[in-house]
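Inspection log for the structure reproduced underneath, given as structure tokens.
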Amino acid sequence: MLAERQAGNGVGDAASPWDVARVREDFPVLAQTVNGKPLVYLDNAASSQVPQVVIDRGSRYLQEEHSNIHRGVHYLSQRATTAYEGAREKVRRFINARESRECIFVRGCTEGINLVMHGYGRKFVAAGDEIIVSAMEHHANIVPWQMLCEEKGATLRVIPMNDAGELLLDEYEALLNERTKLVCVMHVSNALGTINPIKEIVARAHKQGVPVLVDGAQGAPHLTIDVQDLDADFYIISGHKMFAPTGSGVVYGKAELLERMNPFLGGGDMIRTVTFEKTTYAGLPNKFEAGTPAIASQIGLGAAIDYLNSLDRRAAHAYEHELLAYATEKLTAIEGVRIIGTAREKVGALSFVIEDVHPHDVGTILDQEGIAVRAGHHCAQPVMKRFNIPATARASFAFYNTKEEIDTLASAVQKVIEVFS
Amino acid sequence: MSELSELYQQVILDHNKKPRNFKKLETANRHADGFNPLCGDQLTVYMQFEDDRIADVSFEGTGCAISKASASMMTQSVKGKTRAEVESLFNEFHRMVTGELDEETTPNNLGRLTIFAGVREFPARVKCASLSWHTLHAALAGEDAATTENLGADITSEQVSA
């Protein structure tokens, strides 16, 4: 039935060399029915699905290699350590970091941003200082900085955006001053799909000597990431948004910054020597990895990177672009539907509202059709306020989605309008 | 009737479009704010509480069709009732939407509120239907806010056994 459903979805189309039917076979979760309908998974910005090779790698670790890392002289501990550190090197190559010790494993973006807040922010931000975030940030890149500002007596400044959902760079430049200690922006907006001009944002901050943290949760799954080219000081990744298991993620930080920072969590594995008088800390990256990490998840992240590398990523990006354009066209054509977030540069997410229908009701009716979308504020309440709406419905795409699925979405949206007419 | 049309019955759609008692109550001596932090729904329940009885009640706020209709019909059901009657009704309503009370086989005082029975087929929407009741309960208790962030409170029996 799966093959039948995929017939005529553009496979083999000259304009689209991407073999989506072939790629879908890599993701076992997609081949199921929900409420009697084929699953249409359009909630990738919340969490992406996991390919069989990643599942297999995790299983193999648990079946054959599991032990604690960095501790034992015994065989299994060495195998686990090798696999875990191998995943770190895969991450380094994936984002083009200079050294693998600049890649700190964390459970996800939220933990990663909190690591920088505690390690960098609490050490270097003082009363009267300023931290800049943007108007489109996820709560994960707002709340930690608010907590820091409250603790230190610092001020949070916000880069505004226009009605399309694009940051206003001139206003941003005007916010930068000698009190600015850090700029924190997302690469791609989870609520609006906007791709922010990170290189430009970083360059303007660096002119003033201000470091930049990039929340890469939605960037890493959709764009080619080169942290040296971006010149980002910190780049944060969530594994579960790029086809790896939950509990995996990375803080990339420039070595000289990570060296100057305080540790985050204290405990085992992050120390060099411990006495009751004084503890000295381990070098990078261990200084930031206290306790036993999510070994299986991080090895899974390494496997997800291998998987991505096995694909033609340029074709994947082009295909995703095509999907978003097609979905935008389809939904825009429906009377009563309004797209939220119309930036010129977008990827991944399509937020929309239907006149006089609350997004939750949209989500429930779509679910009855087997379609998974997110309905709500997307952990970006300030974005909702900026557009004067309580919430949106959001379809978010991955390279395994099809145009046929978007057709299914469009008819289901029509159905919502009928139910509420 | 499909589960969907069971959920979005005409009465519910009507209360969503034209919610009853949808205003700030000037004579209110108690009120509470309700939040569903997971989805951003928020409402305020106002009540004039006299001689252990809800003399008048109203609500304001934003939310989905289920939460708005539930709040609207709740205000109609509880007006004139004593605190004990309201708490008992809340208990029955909550047990109905979480699948613990079968309104067809168990005697109850739910009356028109049984229209929300279909919600139990949609575990993710139980919080929408119960938000106004939690808020009413808070106002009766003299608290000023209620929240549905404690998911455990609204878990259906099906979810527990999953």
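The values are calculated or read from the model by the stated rules, or taken from the named source; none is laboratory data. Keep in mind it's a predicted model, so treat the numbers as computed, not measured. Reconstructed Cβ throughout: ideal geometry from the backbone, glycine too, with neighbour counts over all protein chains shown.
In the stretch B:30-44, the residues that are within 9 Å of chain A (Cβ to nearest Cβ) and crowded, with 23+ Cβ neighbours inside 10 Å reach residues that are in a strand (DSSP E or B) and of a type in the set (V, I, T) with C-beta atoms within less than 7 angstrom, at least six apart or across chains, in these pairs: B:D41/B:T62. Listed by first and then second residue, the pairs with beta-carbon distance under 9 Å, at least 6 apart or on different chains, first residue in the stretch B:1-20 and within 15 Å of B:F59 (Cα to Cα), second of a type in the set (V, I, T), are B:N16/B:I66; B:P19/B:T75; B:R20/B:T75.
When A:Y400 is tested against (1) within 23 Å of the chain's Cα centre (by Cα); (2) free of Cβ contacts under 8 Å to residues at least 24 places away in the same chain; (3) farther than 26 Å from A:L168 by Cα, exactly one condition is not met: (2).
With the requirement that a residue be surrounded by 21 or more Cβ atoms within 10 Å (Cβ to Cβ) and more than 14 Å from chain A (Cβ to nearest Cβ), what does the stretch B:45-71 give you? Those that are surrounded by 21 or more Cβ atoms within 10 Å (Cβ to Cβ) and more than 14 Å from chain A (Cβ to nearest Cβ): B:V45, B:Y46, B:M47, B:I54, B:V57, B:S58, B:F59.
Residues that are touching a Phe, Trp or Tyr at 6+ places or on another chain (Cβ under 7 Å) and within 12 Å of A:L366 (Cβ to Cβ) within the stretch A:405-421 comprise just one, A:V419.
Quick check on my filter: what residues within the stretch A:69-89 are part of a loop (DSSP other than H, G, I, E, B) and surrounded by fewer than 16 Cβ atoms within 10 Å (Cβ to Cβ)? Hits for the stretch A:69-89 are A:R71, A:G72, A:V73, A:H74.
Taking the stretch A:369-421 as the range and being modelled with pLDDT of 95 or more, polar (S, T, N, Q) and part of a helix (DSSP H, G or I) as the test, the residues that pass are A:T408, A:S411, A:Q414.
Screening A:S189, A:S238 for residues that are polar (S, T, N, Q), within 17 Å of A:L301 (Cβ to Cβ) and assigned by TED's automatic domain parsing to the domain that holds A:R122 leaves exactly one candidate, A:S238.
Screening the candidates A:L265, A:L213, A:L223 for the property of being in contact with an Asp or Glu (Cβ under 7 Å, 6 or more places away or on another chain) and either surrounded by 18 or more Cβ atoms within 10 Å (Cβ to Cβ) or under 18 Å from A:C109 (Cα atoms) (or both) yields one hit, A:L213.
Could you check, for the stretch A:120-132, whether at least one of its residues is closer than 30 Å to A:R313 by Cα and touching a residue at least 24 places away in the same chain (Cβ under 8 Å)? No, that holds for no residue.
Only one entry in A:L257, A:L301 is of a type outside the set (K, R), over 16 Å from A:T110 (Cα atoms) and within 20 Å of the chain's Cα centre (by Cα), namely A:L301. The condition (being crowded, with 24+ Cβ neighbours inside 10 Å and not hydroxyl-bearing (S, T, Y)) is satisfied by just one residue among A:G363, A:G370: A:G363. Here is the figure for the stretch B:12-30: residues that are farther than 15 Å from A:D361 by Cβ and over 15 Å from the mean Cα position of the chain (by Cα) total 9.
Residues of the stretch A:406-418 that are crowded, with 18+ Cβ neighbours inside 10 Å and within 14 Å of chain B (Cβ to nearest Cβ): A:A412, A:V416, A:I417. Selection of the stretch B:110-132 for residues being of a type in the set (S, T, N, Q) and free of Cβ contacts under 8 Å to residues at least 24 places away in the same chain yields only B:T114. A:V183 - would you say it is under 22 Å from A:L115 (Cβ atoms), at pLDDT 95 or above and assigned by TED's automatic domain parsing to the domain that holds A:M261? Taking the combined requirement at face value, the residue satisfies it. Residues in the stretch A:340-367 that are within 13 Å of chain B (Cβ to nearest Cβ) and on the phi > 0 side of the Ramachandran plot: A:D356 only. Considering only residues in the stretch B:15-27 that are more than 13 Å from B:S70 (Cβ to Cβ) and surrounded by fewer than 18 Cβ atoms within 10 Å (Cβ to Cβ), the one that is nearest to the other protein chains (Cβ to nearest Cβ) turns out to be B:K17. Which members of the stretch A:16-55 meet the condition of being free of Cβ contacts under 8 Å to residues at least 12 places away in the same chain and either under 18 Å from A:A316 (Cα atoms) or among the charged types (D, E, K, R) (or both)? A:D19, A:R22, A:E25, listed by residue number. When the residues of the stretch A:205-233 are filtered to those that are more than 15 Å from A:N96 (Cβ to Cβ) and of a type in the set (V, I, T), the one that is nearest to the chain's Cα centre (by Cα) is A:V212. Entry remark, the stretch B:1-14: residues being more than 8 Å from chain A (Cβ to nearest Cβ), within 15 Å of B:R125 (Cα to Cα) and acidic (D, E) number 1 in total. Listed here are the strands (runs of 3 or more DSSP E) enclosed by the stretch A:193-260 that have at least 1 residues being without any contact (Cβ under 8 Å) to a residue 60 or more places away in the chain: A:212-215.
Among the residues of the stretch A:187-231, write down those that are closer than 29 Å to A:D129 by Cα and acidic (D, E). Those that are closer than 29 Å to A:D129 by Cα and acidic (D, E): A:E200, A:D215, A:D229, A:D231. Residues in the stretch A:16-35 that are touching an Asp or Glu at 6+ places or on another chain (Cβ under 8 Å), surrounded by fewer than 16 Cβ atoms within 10 Å (Cβ to Cβ) and not aliphatic (A, V, I, L, M): A:P17, A:N35. With respect to the conditions (1) among the charged types (D, E, K, R); (2) modelled with pLDDT under 95; (3) more than 19 Å from A:T292 (Cβ to Cβ), A:R98 falls short on a single one, namely (2).
Within the stretch A:166-184, being out of contact with any helix residue (DSSP H, G or I) (no Cβ under 6 Å at 6 or more places or on another chain) and crowded, with 24+ Cβ neighbours inside 10 Å holds for one residue alone: A:L182.
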